[in-house]
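Just so it is clear, none of the values below were taken in a lab; they were calculated from the coordinates. Because the structure is a prediction, the values reported are computed rather than measured. Neighbour counts are summed over all protein chains in view; Cβ atoms, including those assigned to glycine, are modelled from backbone coordinates with ideal geometry.
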């Protein structure tokens, strides 16, 4: 199929040299959990369970760093359309995706594998289109997709702001902080596809990582594969295509002085059926400062620069520990 990235050819030598690497880590049993499921229809000011709903959101963020939401305000019609348009662009020929500016944007918009990988632990068996929201208005091609992304991002951004304000209130962060610093144009969105992988016991779909964002909101299909670190063990999350998955990012951990945790997570390689997901990253502007008692004050631009330096030097993101007081 001409749309598939050439993983086996590109990483042939690495796969042969490291055929036994990390085998125990990948093959160990992973228990399946269902994330806390929160019905957001109860947030209506007149709903008798509003306070209980607010409590469930903050408790899930403290205990898990992840939770699911239903009745979130994003229509199933829009979610289905987003999935359909996403598949169309992923099924473009690989040569076109990788050598042309498919959207009239930077070549960095399309990503696959890991060009600087040195061992199997660093290889992600996936491909993605990553956009900043300012990119969307400049997409001359794929107008249906750009319109769909814009509609999707606008509604998800409203949801992210509402959740951020609820979580912020618990840790004495005024809601005006998010309204002033986290405008839609600061956000980014990532379309993910995880092709079937004949070496699913040896590589990741997406390597273990924590998100930089304040909040990440993910819509995934029914295939499953998302796993997170819980009490020192990897646990698999049971997928629910009707729900959105919400997780705390590094910036919110710093802002909350570690009340909320940015949890390391990964995606298992898709063994038999490809997996699709869409991630919305709720972010501040590059220069908005992140006030904290536990970490020195920094902004997104500084944080990204430090992460890039660490990845270049060590192969891994070090993250918040670089900014501890």
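Structure summary
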| item | result |
| --- | --- |
| Potential lengthening between residue 264 and residue 137 on full extension [0.36 nm per residue; Cα-Cα distance subtracted] | 42.5 nm |
| Relative contact order %, the chain, counting alpha carbon pairs below 8 Å whose residues are six or more apart | 20 percent |
| DSSP beta bridges in region 23-294 [antiparallel fraction, %, rounded to 5] | 85 percent |
| Fewest-first sequence of 280, 66 by Cβ atoms within 10 Å of each Cβ | 66, 280 |
| Percent RCO, i.e. relative contact order, over region 200-311, from Cα pairs under 8 Å lying at least 6 residues apart | 33 percent |
| Pairwise centroid distance, computed over Cα atoms, of region 192-263 with region 268-284, Å | 9 Å |
| GNM flexibility winner over the chain from 126, 188, 201 (Cα, springs under 10 Å) | 201 |
| Nitroxide proxy distance, nm - points 7 Å out along Cα→Cβ at residue 71 and residue 169 | 1.7 nm |
| Helical contribution to [θ] at 222 nm, DSSP H n ≥ 4, -39,500 (n - 2.57), averaged over the chain, rounded to 500 | -10000 deg cm²/dmol |
| Inter-part distance where region 50-75 and region 308-325 are each reduced to a Cα centre, Å | 30 Å |
| Where labels lie 7 Å past Cα in the beta-carbon direction, separation of residue 180 and residue 8 in nm | 5.7 nm |
| Unit Cα scatterers, Debye sum, region 214-325: log10 I(q)/I(0) for q = 0.19, 0.20 Å⁻¹ | -1.10, -1.17 |
